[in-house]
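In what follows, a single structure is set out as structure tokens and then discussed.
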Amino acid sequence: MKTLLLVKEIYLEGFRNIGNFLIQKYFKIFAWFSFIMFFIVLYAFVYRIATGFAFD
């Protein structure tokens, strides 16, 4: 739980002092897109391991 709170604080601190509204929204969208893509890759990897895929 502490790690999740630290990640949340880093996320909020990263966008706190960005001046331009458009740049701020762009980076927020990009960050969420990156999180989603990471979890898709993580899911695919775990699925391959669970189904016995041979990594040759």
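Under the condition of being surrounded by 10 or more Cβ atoms within 10 Å (Cβ to Cβ) and among the aliphatic types (A, V, I, L, M), which residue from the range 8-28 is modelled with the lowest pLDDT?
Once the filter is applied, the top-ranked residue is ILE18.
The set of residues in the range 1-54 that are more than 15 Å from the chain's Cα centre (by Cα) and charged (D, E, K, R) comprises LYS2, GLU13, ARG16, LYS25, ARG48.
What are the residues in the range 30-48 that are over 18 Å from PHE15 (Cα atoms) and open to solvent by 100 Å² or more (accessible area, probe 1.4 Å), if any? Selection gives PHE38, PHE39, TYR43, PHE45, TYR47, ARG48.
The values are calculated or read from the model by the stated rules, or taken from the named source; none is laboratory data. This is a predicted model, so every value here is computed, not measured. Backbone-built Cβ (ideal geometry, glycine too); neighbour counts: all protein chains shown. Note: accessible area is taken over every heavy atom of the protein model, side chains too, but ligands, DNA and RNA are not part of it. Shrake-Rupley method; radii C 1.70, N 1.55, O 1.52, S 1.80 Å.
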